[in-house]
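These notes concern the structure reproduced below.
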Amino acid sequence: MAHYQIGVDLKDDVDLFCARTGLEAGGAILVRPDGFIGWRSRSSHLDPAPILDDALNQVLCRDRATL
């Protein structure tokens, strides 16, 4: 899966981000530019690529069968 990063990695020394978003280490979150949370996975997965792909298809209203 192609991905893009804008800016630099951030470091959260006191785990405030995880506490405020309900994520565990290795979790993931998709946030729109207006701050709306479109998808969240509280913990990590053995094979995250298809899970993230499905999440992106869902939040972008794309039908997986037509891709």
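The values are calculated or read from the model by the stated rules, or taken from the named source; none is laboratory data. Values in this document were obtained by computation on a predicted structure and should not be read as measured data. Because the Cβ atoms are built from the backbone with ideal geometry, glycine has one as well, and the counts that use them run over all protein chains shown.
Applying the criterion of being among the β-branched types (Val, Ile, Thr) and at pLDDT below 85 to the residues of region 1-36, the residue that is farthest from Pro48 (Cα to Cα) is Val14. Do we have any residue at all in region 10-20 that's surrounded by 12 or more Cβ atoms within 10 Å (Cβ to Cβ) and either touching a residue at least 24 places away in the same chain (Cβ under 8 Å) or of a type in the set (Lys, Arg) (or both)? The answer is no; no qualifying residue exists.
Taking region 30-56 as the range and being of a type in the set (A, V, I, L, M) and either in a helix (DSSP H, G or I) or under 18 Å from Tyr4 (Cα atoms) (or both) as the test, the residues that pass are Leu30, Val31, Ala49, Ile51, Leu52, Ala55, Leu56.
The requirement of being basic (Lys, Arg) and in a loop (DSSP other than H, G, I, E, B) is fulfilled nowhere in region 19-29; no residue meets it. For region 35-55, the set of residues classified as in contact with a Gly (Cβ under 9 Å, 6 or more places away or on another chain) and not basic (Lys, Arg) consists of Ser41, Ser43, Ser44, His45, Pro48, Ala55, listed by residue number. Contact map, region 42-62: residues that are touching a residue at least 24 places away in the same chain (Cβ under 8 Å) paired with residues that are surrounded by 12 or more Cβ atoms within 10 Å (Cβ to Cβ), Cβ distance under 7 Å, separation 6+ or inter-chain. Pairs shown: Leu52/Ala28; Ala55/Leu30; Ala55/Trp39; Val59/Leu30; Val59/Gly38; Val59/Trp39.
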